[in-house]
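Encoded as structure tokens, the structure appears first; notes follow it.
The values are calculated or read from the model by the stated rules, or taken from the named source; none is laboratory data. If you're wondering where the values come from, they're calculated on a predicted model, not measured in any experiment. Because the Cβ atoms are built from the backbone with ideal geometry, glycine has one as well, and the counts that use them run over all protein chains shown.
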Amino acid sequence: MSLEFKGSRLVLAMAAGMLLPAMPAHAGGTITFGEDKSVSIGFGMRGSYSSVENGAPNGTSYSHDFSLDSARIYLSGSLNKYIKGMLNTEKDIAGEGFQPIDANVQFQVAPNVAIWAGRFLSPSDRANMAGPYYSLGGGYWSGIASRYGYNGGYIGRDDGVAVVGNLMDGKLAYAFGAFEGNTEFKIAPAPASSNTANRTGSDGLMYAGRVQVDFWDAEPGYYGTGNYLGSKDILAIGIAGRSQKGGAYSTIKTGDYASYSVDFLLEKKGVGPGALSVEAAGYNYDTSNVFLSEQGKAYSAGLGYIFDQKVGWGQLQPFARYQKFSPDTNIDTKKYDLGVNYIIDGYNAQVAAAFSNTKVTGANDVKAFNVALQVQF
């Protein structure tokens with residue numbers, strides 16, 4: 001048995017010999033037991049300081065709070081070149097323990113095709129697939145327009161099975177699967193006093209799929225990234241959809257659920273002294289009028305520019321974001337972000353500072369300043 005440490009290979013270790021690595025790489029340690037046999041371990045955290053206008057208990061002063069937003073343990077393994085697996089955890093809401101968010105096995109049935117089984121992110125839009133650790137500016141910013149992190153189980157995960165593959169030298173990627181849905185996937189939380197066991201309607205599986213085309217550089221992996229930090233030339237369009245018969249239910253009504261999205265990403269190196277990135281996405285959510293607050297259209301857009309020249313330890317990446325969700329209740333939510341990332345070691349070590357303004361129809365604006373630290377080992 002040999003022990004070796006490999007930077008930027010923790011989660012990718014489980015996909016050795018595969019053309020479909022599971023997640024963007026980050027640092028970690030790998031113990032090898034022989035040819036194509038290994039176990040990897042690592043961890044990551046995101047912590048932040050936030051100050052919100054009128055957020056103090058007196059209702060007029062700025063609040064000042066530190067928070068451990070995320071703490072994850074990453075485990076992965078390779079039984080042979082055909083069978084890989086992962087177990088990733090996240091701190092629970094109370095911060096007193098950890099919950100499994102990924103627990104799955106991947107069977108490599110062909111060079112460009114794998115079957116995933118267990119708990120994992122069901123196919124969806126780029127923002128949800130990239131998650132809080134691999135998005136422009138980081139954090140759970142996808143929750144306004146891209147609502148799958150809330151609607152798709154615990155941090156967007158669900159129990160099921162999916163076929164994941166690619167064609168055209170990796171430039172055409174696809175994923176299709178069937179998931180539990182009603183156990184892990186709810187349109188809105190039921191009141192504590194409700195008895196959802198008495199609801200009417202069918203108990204159908206949730207079907208989800210995603211197809212993505214890369215016109216320039218190919219993008220590896222099923223769990224993707226929202227920004228390549230100037231390392232690739234990307235021009236990509238993705239289409240995703242999911243549906244479930246009887247998937248939207250309350251104590252008095254049951255309906256079908258469906259959602260569809262289109263997302264776009266452009267990144268280009270050598271634009272002046274750095275790389276430019278532009279992203280956009282559009283969404284449509286339908287709950288058969290069961291939950292008007294979760295039914296409607298949403299939009300998001302982002303703009304970033306990373307400078308090639310380092311300043312001290314890392315590179316500067318100013319960015320701007322816009323999100324809007326327009327539900328059928330006519331109570332819109334809009335959020336504007338303006339900030340800068342300090343990229344020390346890709347997604348393994350970075351600091352982000354941002355000003356945000358959240359506008360909700362009929363409510364006062366919420367203005368906030370946030371500084372977040374992200375580290376992965």
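Conditions tested, residue by residue: (1) more than 20 Å from the chain's Cα centre (by Cα); (2) surrounded by 15 or more Cβ atoms within 10 Å (Cβ to Cβ).
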| residue | (1), (2) |
| --- | --- |
| S40 | yes, yes |
| N58 | yes, no |
| L68 | no, no |
| L75 | no, yes |
| P111 | yes, no |
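Mind checking which residues of segment 79-108 are farther than 17 Å from L68 by Cα and of a type in the set (A, V, I, L, M)? Walk me through how you get there before you give the answer.
Residues of segment 79-108 farther than 17 Å from L68 by Cα: 79-88, 100-108.
Across segment 79-108, the qualifying residues are L79, I83, M86, L87, I101, A103, V105.
For every residue, the table says whether it meets (1) buried (at least 22 other Cβ atoms within 10 Å of the Cβ); (2) at pLDDT 95 or above.
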position	(1), (2)
S2	no, no
M14	yes, no
P24	yes, no
A27	no, no
A71	no, no
I83	no, yes
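Regarding V262, is this residue at pLDDT 95 or above, over 29 Å from N88 (Cα atoms) and of a type in the set (V, I, T)?
Against the criterion (at pLDDT 95 or above, over 29 Å from N88 (Cα atoms) and of a type in the set (V, I, T)), V262 does not qualify.
I'd like the residue in segment 238-258 that is within 17 Å of the chain's Cα centre (by Cα) and surrounded by fewer than 22 Cβ atoms within 10 Å (Cβ to Cβ) and, out of all such residues, is nearest to A320 (Cα to Cα).
Out of the qualifying residues, it is I239.
Could you tell me whether segment 209-218 includes any residue that is farther than 30 Å from V271 by Cα, under 21 Å from the mean Cα position of the chain (by Cα), among the small types (G, A, S) and at pLDDT 90 or above?
yes
I need the full set of residues from segment 335-345 which are touching a residue at least 40 places away in the same chain (Cβ under 8 Å) and within 16 Å of A145 (Cβ to Cβ), in order please.
Once the filter is applied, which keeps residues that are touching a residue at least 40 places away in the same chain (Cβ under 8 Å) and within 16 Å of A145 (Cβ to Cβ), segment 335-345 yields K335, D337.
Just to check your reading of the model, which residue among T32, T60 is at pLDDT below 95, more than 26 Å from S243 (Cβ to Cβ) and not in a strand (DSSP E or B)?
Exactly one of T32, T60 is at pLDDT below 95, more than 26 Å from S243 (Cβ to Cβ) and not in a strand (DSSP E or B), namely T60.
Only one of D337, D332, D308 is under 21 Å from R126 (Cβ atoms) and out of contact with any Cys (no Cβ under 7 Å at 6 or more places or on another chain); which?
Only one candidate qualifies: D337.
Only one of these is farther than 30 Å from N348 by Cβ and in contact with a strand residue (DSSP E or B) (Cβ under 9 Å, 6 or more places away or on another chain): D233, D328. Name it.
Checking each option against the conditions leaves just D328.
Can you find a residue in segment 156-179 that is within 30 Å of Y249 (Cα to Cα) and modelled with pLDDT under 80?
yes
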